[in-house]
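Student: Take this structure, written in structure tokens, and hold onto it; I'll ask about it next.
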Amino acid sequence: MSTTTWTPGEWVVLEGDVYCAGATPGPDGPIAQVYGTTSEEHRANCILIAAAPALFEALEAILDHVEAFYVSGAPKQWQKDGVTKMRAARTALRQARGEA
């Protein structure tokens, strides 16, 4: 697993913005102020942003596992297809870390 620099911990939706779990709206300030063209879109955007740390962690863990599988001798076509997909996933993780 890599070291990240974003706000650690679980992120939650409170009063229409994204906060660290346990934060209080107002004094603690949000991690993200979220907007949408409808209340449904706004809520969906909040949920997606709040899920970012867990999504990142899950994707990184899956990639580590899958890469180990390919290195250990997966069938050639799986290796070819998998390498392309893993590169794209690694690029997304670098982008999330601000490295891309």
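The values are calculated or read from the model by the stated rules, or taken from the named source; none is laboratory data. In this text the structure is predicted, and so the values were computed from the model without any measurement. Reconstructed Cβ throughout: ideal geometry from the backbone, glycine too, with neighbour counts over all protein chains shown.
Table: residues versus (1) surrounded by 15 or more Cβ atoms within 10 Å (Cβ to Cβ); (2) within 21 Å of Glu10 (Cα to Cα); (3) small (Gly, Ala, Ser).
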residue: Ile49; (1), (2), (3): yes, yes, no
residue: Glu67; (1), (2), (3): yes, no, no
residue: Asp81; (1), (2), (3): no, no, no
residue: Ala96; (1), (2), (3): yes, yes, yes
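Student: Of the conditions (1) over 14 Å from the mean Cα position of the chain (by Cα); (2) within 20 Å of Thr3 (Cβ to Cβ); (3) modelled with pLDDT under 80, Ile31 fails just one. Which one is it?
Tutor: Unmet for Ile31, out of (1) over 14 Å from the mean Cα position of the chain (by Cα); (2) within 20 Å of Thr3 (Cβ to Cβ); (3) modelled with pLDDT under 80: (3).
Student: In addition: Going by the structure shown, is Ala88 of a type in the set (A, V, I, L, M, F, W, C), under 16 Å from the mean Cα position of the chain (by Cα) and exposed (fewer than 12 other Cβ atoms within 10 Å of the Cβ)?
Tutor: yes
Student: Also: Is there a residue being among the hydroxyl-bearing types (Ser, Thr, Tyr) and surrounded by fewer than 12 Cβ atoms within 10 Å (Cβ to Cβ) anywhere in the range 19-35?
Tutor: Scanning the range 19-35 turns up at least one residue that is among the hydroxyl-bearing types (Ser, Thr, Tyr) and surrounded by fewer than 12 Cβ atoms within 10 Å (Cβ to Cβ).
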